[in-house]
Structure formats: structure tokens, C-alpha cells
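I am attaching a structure below and will ask some questions about it afterwards.
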Amino acid sequence: MGDVAEKTERILKRNSIIDTIFLRVSLIISIGVFGVCIALFAVLVQGSFLSIETFGFSFLFHSDWNPVTQNFGGLSAIYGTLVTSFLALLLGVPIAFGTSYFITELAPSWLKTPLTILIELLAIIPSIILGMWGLFVFAPSLGVDIESWLNNALSSKFLIGNLFRGSHVGINILTAGFILALMIIPFITSIFKDAFDLVPKMIKESAYGLGATTWEVVWHVVLPYTKRQVIGGIMLGLGRALGETMAVAFVIGNAHSFTISLLMPGSTISSVLANEFTEAVGDLYSSSLLYLALILSIISSIILGISQWLLRGFKKKRNK
Amino acid sequence: MKKGSYLYFKRRLKNFISKIFAYLMTSVSLFFLGWLLFSLITYGSSHFNLSLFMETTPPPGMEGGLLNAILGSLMMVGLAVLMGTPIAVVVAVYLTEYGSPGYFASMLKYVNDILLSAPSIILGLFIYQIYVLRYGSFSGWAGVLALSLIVFPIVVRASENVLTLIPDHLKEAAAALGTPKWKTIIFLILPISRTGIVTGAVLAFARVSGETAPLLFTALNNQFMNLDLNKPMASLPVVIFQFAMSPYDDWHKIAWSGALFLTLIVLTLNVCVRLIFRQKIILH
């Protein structure tokens, strides 16, 4: 008898030890994830320390980028990053909204699933493909047409004319914005579509029952109901666009001179990093590049943080 | 009455315009994406032949293929998935089984979500700073590390999704039989969710094979055949980048074929996952 009790006790003890090991190990690995995130920022801060010390905050406000005289300023890259992403949203969000409106409300039911699958598949096309297509196909044809039209129509206008002066060869900030828009359209569309699908049928049908038109249902019922997810989706698209490297690096022209015009070559933080980091000579040069990377990661983690906060709960509902 | 019919007309008109807008926008997005695929196929198929898979990257003006880049990508992506997946599964198990309603677990989920959409070039820089600088040279292993940082959050998300779907009564039944937690995890939870975890790993594989930015500073590139992970290694996306940005026409052709091949792989993997496992693609 005593033997059995002893054995049981031993097994129980062993199990509880293994259980503790399991908990500890998984906890340690999970803490490690935090560690990696903190290390990421720490490494960037440490790497850019020299540049921060040398230039301070004025780095953000001037655009000299001269490896010879060792004078660096991030303005043109920061401006390029923000403007291309903003353009991408300006072009992409209406298109994504229209498309998801079509898929959820207007499309015949046999078309819905294939369209959804198509959009989702397009969202995972590697961005390097988009960039390459932009360089070889889009920029020389439609890009040039649109730009010369914009240049003719708007460059003489007061104030906004400044945005549209320059050569229109297709390699500039505007084209980068187009390509980014193309990249985020399928992405935002599928978030919008998933959000719109979550609106309870009952609410929509009540509105239809009161005589509302399709547009009124979308505008007064669906959009208010999905406000959070829609804004979250847009922010997530913005986060994507801010950090995108390959779709931009092909078509932006990689110029460091700061111009406000959209029709001039520019640069974004990620394109500067992609093009110059491996060739950066001297501590201050690479440190300045890391400073830019630090700025990018601060901006994008704020944007992504907000978007994830807005989308919280939505993913759970959708996955059910 | 007249005012009423005016209002009615206005509402109808608005509705009509909004529908036109929706049709228009859908056609715009489909037009561009169709154009993209069309040019990918027309430009890519010109050099899409057996030598693409049999020969290594050529110097300008010579015939060649992408064998070293394809093998390099396969090795690095495969190893990154093999490295990232087990760790990700452990974290997902912690999230759902141990930490679940706690503060730490929700923070962890949040951090994972941010990692999932973090700029991939930053991850490459990070590995450059902590690995490449320390060992003094670009290497395939550095590329593997950078890619596994992207694999990790995707697999965490996928595994977490399937793990939360396991009904509580199964776990309760196990607990009622006196099963210790580790046995429940190893013999009940993981086998049930195996399909979902594999799906996540396949999706991560597809996603990572198109990543260029994290490889630029880690694996760099290699014009020659190299299967040694301690040396710089070619990969499909980086070679496409290098060849497309070059001024040589025959390099452009190879880049297009490589782009077509890459897209085909990524799309096929995702379609298979959709058809076989009926799992949604994880985008964010």
C-alpha cells in the first residue's frame, strides 16, 4: 500500500516539476519577445547616438546631406516619407472604400467570394514586384501622362502650383505615392470589407425597411457602426506605407535636395537606408542613417500602436 | 407633395451617384491590378525557361539564370521558418494557456501585433547592428535571423487563433481525468491545432520569400553559387532588385522572369492554404 502512495506522490511531484518548467520556459521566451523589441530600439538609439549628439533636433529641420563635409539632415527624407504615405492614403482610401462598398452591398452574391479572394491574394504580392512594375511599366506610360497633365494644368496656379513644378519623367515623389497607393489598396479594402461584413444584418435590414437607400444604409448605418475598424484599417495602411522600402526605392529617384514639388525626385527614409546603408563610409554617416531609422521606427510604432488599439476586439470577432 | 418628391429625387440621385462611384472605384482597382499581372506575365515569360533554374546569375551580357538566388532564398526562408515557428508556438501556448486574461499577455499580444506590421527594413538594420557588425561580415545566417523576426509574429498570430478555438470542455475533461497541464498541452492542444500551426508556417514562408529589405544589410548578395550560410548569400528578391535597377537589358529580362516566378510561388502557396486548410490569409 505504502508503495503505491509513494509512487503516486512521486508522479505527482514529477508532473508538477515539469509543469513549472513549462510555465517558466514559455514565460521566459515571451519575456524575450519584449526583450527583442526593447533591444531593437536600444540598438537604434545607441547607433544613432553620435548623430544625435552632433546634430540634435536640428537634424529634423535641415536637408543638407553631404557625406564629404559630414553634414547630414533628414528633412528631405522625412518629408518624402510623410508625403508619399499621405498621397497613398489620399488615392488609396477612396478606391478601397468604393471597392469594399461594391463587394459588400452591390455585387451579386456569386461575385463576392471570388472578388474577396482576388483582393486578398493581391494584398500579398511582394512589394518588390510593385516597385519594379512601377519603374518599367507605370512610370514611362501612364505616370508620365498624368504628370505632364498635372504640370500643364496646375503649375501656374497660386500656391498649389509649387507642388506641380518640375520635370515629368515619371521618377518622382508622385509616382512613389501612386505605387504605394496600389500596394495598400488591396490591404485596406480587405480590412474594410471584413469590417462591413460584421455589421449585423438586422440593423441594416431595419434601415432598408424604413425606406433607406443603399447609400444611406452605408453612410448612416454601416460606417458609424464600423468607424473604429475603418479608421484602424486606414492607420494600418498608413503604417505599411511609411515603412515600405521596395515599392518606393525603385521610383522615387533618391535625391537628397529638398523640394516641395511632387514632380521632383525625392527620397524616403527607407529608400535612403536601402540605397546608402551598405555604402556609408564613416561613423557619422552611418550614425545619421540610423538616426533616420530611429525616427521611422518611432513614427511607425506610434501609428501601428494606435491602429492596433482601434482594431482590438475586431480581429477576435472576425476570426470566429 | 412637390417638396417631397424633390427630396425623394435627391436621395435617389445621391444613391445613384454613390453606386457609380463604387463601380468606378472597383474597376479602377481591378484595372491596375490586372495591368500589373498582365505585364508581369508578358515581360516575365520571355525568359521563363529551364535555364532560369539551371544556371547561376550571369555577368551583364551573358546568358544565365537564377539558380543560386533561388537556392539561397529557399535555404534562408526555410531555416527562418524552422527557427521562428517553434518559438512562436511556445509564445502562443503561453498566451492562450498560461497568461490569457492577464495584463502581461495582452501587452504581449499588442507588441506582437506591432511587430507584425513593423517596417521590415528596420528589422534588417537591427540584425546588421547586433550580428553583422559583430562577426564582421554579411552572411546567410544574418539573413535567416532577420527573416525569422518576420516569421515569428505571423506564426504567433496564426497559432494563437487556432489555440483559442479549442473548446474549453476538452481541456476540462483532461483536467478532470487528472492530466497535468503539460500533458494536456503536448498530447491534446498541440495535436488538435497542428493544422493551424502548419498553415501559419506556410503563410509565413510565402510572406517572407518576397521580403527584400531585411536581406539587404544581412545576407547582402552573392554573384556566385554559395550554399555556405557563413558567407554572403544571394536571394531571389535581392537579385531582382539588383538586376532591375541595373542599366543592362538582359539583366532586366532575368529580373522580370524572377519576379514572375516569385509571384507564382507566393500566390500558389496562398491558394493552396486557402483550398486545403480553408484558412484566411493573415494580413495584419
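The values are calculated or read from the model by the stated rules, or taken from the named source; none is laboratory data. The structure presented is a predicted model; accordingly, all values stated were derived computationally and were not measured. We place every Cβ from the backbone using ideal geometry, glycine too, and count neighbours over all the protein chains shown. Surface areas here come from the heavy atoms of the whole protein model, side chains and all, with no ligands, DNA or RNA. Shrake-Rupley method; radii C 1.70, N 1.55, O 1.52, S 1.80 Å.
Test A:Ala5 against the stated conditions and say whether it is of a type in the set (A, V, I, L, M) and either in contact with a Ser or Thr (Cβ under 9 Å, 6 or more places away or on another chain) or surrounded by fewer than 13 Cβ atoms within 10 Å (Cβ to Cβ) (or both).
The answer is yes for A:Ala5.
Check A:Val218, A:Val248 and return the single one that is within 11 Å of chain B (Cβ to nearest Cβ), out of contact with any Leu (no Cβ under 7 Å at 6 or more places or on another chain) and in contact (Cβ under 8 Å) with a residue 24 or more places away in the chain.
A:Val218
Would you mention how many residues in the range A:145-201 are among the hydrophobic types (A, V, I, L, M, F, W, C), farther than 17 Å from A:Val248 by Cα, part of a helix (DSSP H, G or I) and open to solvent by 30 Å² or more (accessible area, probe 1.4 Å)?
Matching residues across the range A:145-201 total 6.
Is it true that B:Ala118 is assigned by TED's automatic domain parsing to the domain that holds B:Thr212, free of Cβ contacts under 8 Å to residues at least 24 places away in the same chain and not in a helix (DSSP H, G or I)?
So B:Ala118 fits the description; yes.
Considering the range B:160-187 alone, what residues qualify as being under 25 Å from B:Leu108 (Cα atoms), more than 10 Å from every other protein chain (Cβ to nearest Cβ), part of a helix (DSSP H, G or I) and open to solvent by 40 Å² or more (accessible area, probe 1.4 Å)?
If the condition is that a residue be under 25 Å from B:Leu108 (Cα atoms), more than 10 Å from every other protein chain (Cβ to nearest Cβ), part of a helix (DSSP H, G or I) and open to solvent by 40 Å² or more (accessible area, probe 1.4 Å), then B:Asp168, B:Lys171 are the ones that fit.
Go through (1) open to solvent by 40 Å² or more (accessible area, probe 1.4 Å); (2) at pLDDT below 90; (3) not β-branched (Val, Ile, Thr) for B:Leu52 and report which single condition fails.
Tallying (1) open to solvent by 40 Å² or more (accessible area, probe 1.4 Å); (2) at pLDDT below 90; (3) not β-branched (Val, Ile, Thr), B:Leu52 fails exactly one: (1).
Restricting attention to the range B:125-137, which residues are in contact with a helix residue (DSSP H, G or I) (Cβ under 6 Å, 6 or more places away or on another chain), in contact (Cβ under 8 Å) with a residue 60 or more places away in the chain and open to solvent by 10 Å² or more (accessible area, probe 1.4 Å)?
Across the range B:125-137, the qualifying residue is only B:Tyr131.
Just to be sure before I move on: is A:Thr213 facing chain B (nearest Cβ under 9 Å), touching a Lys or Arg at 6+ places or on another chain (Cβ under 7 Å) and either surrounded by fewer than 20 Cβ atoms within 10 Å (Cβ to Cβ) or free of Cβ contacts under 8 Å to residues at least 60 places away in the same chain (or both) in the structure I sent?
For A:Thr213, the condition - facing chain B (nearest Cβ under 9 Å), touching a Lys or Arg at 6+ places or on another chain (Cβ under 7 Å) and either surrounded by fewer than 20 Cβ atoms within 10 Å (Cβ to Cβ) or free of Cβ contacts under 8 Å to residues at least 60 places away in the same chain (or both) - is met.
Looking at the structure I just gave you, is B:Asn230 more than 9 Å from chain A (Cβ to nearest Cβ), closer than 24 Å to B:Leu79 by Cα and surrounded by fewer than 18 Cβ atoms within 10 Å (Cβ to Cβ)? Break it down into steps so the answer makes sense when it comes.
Numbers: more than 9 Å from chain A (Cβ to nearest Cβ): yes; closer than 24 Å to B:Leu79 by Cα: yes; surrounded by fewer than 18 Cβ atoms within 10 Å (Cβ to Cβ): yes.
Yes: the conditions hold for B:Asn230.
Turning to a different aspect of this structure: Name the one entry in B:Leu95, B:Leu36, B:Leu67 that is over 24 Å from A:Val36 (Cβ atoms) and assigned by TED's automatic domain parsing to the domain that holds B:Leu229.
Values: B:Leu95 fails: over 24 Å from A:Val36 (Cβ atoms); B:Leu36 fails: assigned by TED's automatic domain parsing to the domain that holds B:Leu229.
Every option except B:Leu67 fails the conditions.
Here is a follow-up. I'd like to know if the range B:235-249 contains one or more residues that are open to solvent by 60 Å² or more (accessible area, probe 1.4 Å), touching a residue at least 60 places away in the same chain (Cβ under 8 Å) and either in a helix (DSSP H, G or I) or within 22 Å of B:Thr199 (Cα to Cα) (or both).
Scanning the range B:235-249, I find no residue that is open to solvent by 60 Å² or more (accessible area, probe 1.4 Å), touching a residue at least 60 places away in the same chain (Cβ under 8 Å) and either in a helix (DSSP H, G or I) or within 22 Å of B:Thr199 (Cα to Cα) (or both), so the answer is no.
Could you check how many residues of the range A:106-133 are in a helix (DSSP H, G or I), open to solvent by less than 30 Å² (accessible area, probe 1.4 Å), of a type outside the set (Phe, Trp, Tyr) and under 29 Å from B:Phe241 (Cβ atoms)?
Of the residues in the range A:106-133, 11 are in a helix (DSSP H, G or I), open to solvent by less than 30 Å² (accessible area, probe 1.4 Å), of a type outside the set (Phe, Trp, Tyr) and under 29 Å from B:Phe241 (Cβ atoms).
While we're on this one: Here are some conditions: (1) of a type outside the set (D, E, K, R); (2) more than 8 Å from every other protein chain (Cβ to nearest Cβ); (3) touching a Phe, Trp or Tyr at 6+ places or on another chain (Cβ under 6 Å). B:Val89 meets all but one. Which one does it not meet?
With respect to (1) of a type outside the set (D, E, K, R); (2) more than 8 Å from every other protein chain (Cβ to nearest Cβ); (3) touching a Phe, Trp or Tyr at 6+ places or on another chain (Cβ under 6 Å), B:Val89 is out only on (3).
Which residue pairs have Cβ atoms closer than 8 Å, lie 6 or more positions apart in sequence or on different chains, and pair a first residue in the range B:56-85 that is open to solvent by 60 Å² or more (accessible area, probe 1.4 Å) with a second residue that is outside any helix (DSSP H, G or I) and aromatic (Phe, Trp, Tyr)?
Correct list of pairs: B:Gly61/B:Tyr248.
Scan (1) open to solvent by 10 Å² or more (accessible area, probe 1.4 Å); (2) within 26 Å of A:Phe72 (Cβ to Cβ) for the single condition A:Ala247 breaks and write down its number.
(1) is the only condition that A:Ala247 fails.
Just to verify a result, which residue in the range B:25-42, among those that are facing another protein chain (nearest Cβ under 7 Å) and over 24 Å from the mean Cα position of the chain (by Cα), is least open to solvent (accessible area, probe 1.4 Å)?
B:Thr26
Another question, if that's okay. Can you name the residue in the range A:26-49 that is surrounded by fewer than 17 Cβ atoms within 10 Å (Cβ to Cβ) and either away from chain B (no Cβ under 13 Å) or among the β-branched types (Val, Ile, Thr) (or both) and, of all such residues, is farthest from the chain's Cα centre (by Cα)?
A:Ile28
Then there is this: Counting only residues that are of a type in the set (Ser, Thr, Tyr) and at the interface with chain B (Cβ under 9 Å from one of its Cβ atoms), which one in the range A:166-210 is nearest to A:Ser155 (Cα to Cα)?
A:Thr189
Only one residue in A:Ser288, A:Ser301, A:Ser261, A:Ser267 is open to solvent by less than 60 Å² (accessible area, probe 1.4 Å) and within 11 Å of chain B (Cβ to nearest Cβ). Which one?
So the residue among A:Ser288, A:Ser301, A:Ser261, A:Ser267 that is open to solvent by less than 60 Å² (accessible area, probe 1.4 Å) and within 11 Å of chain B (Cβ to nearest Cβ) is A:Ser301.
Do you know which residues across the range B:113-142 are modelled with pLDDT under 90 and in contact with a Lys or Arg (Cβ under 7 Å, 6 or more places away or on another chain)?
Matches in the range B:113-142: B:Leu116, B:Ser117.
Could you tell me how many of the residues in the range A:50-63 are assigned to a loop (DSSP other than H, G, I, E, B) and surrounded by 14 or more Cβ atoms within 10 Å (Cβ to Cβ)?
From the range A:50-63, those assigned to a loop (DSSP other than H, G, I, E, B) are A:61-63; that's our starting set.
From what's left, surrounded by 14 or more Cβ atoms within 10 Å (Cβ to Cβ): A:62-63.
So the count comes out to 2.
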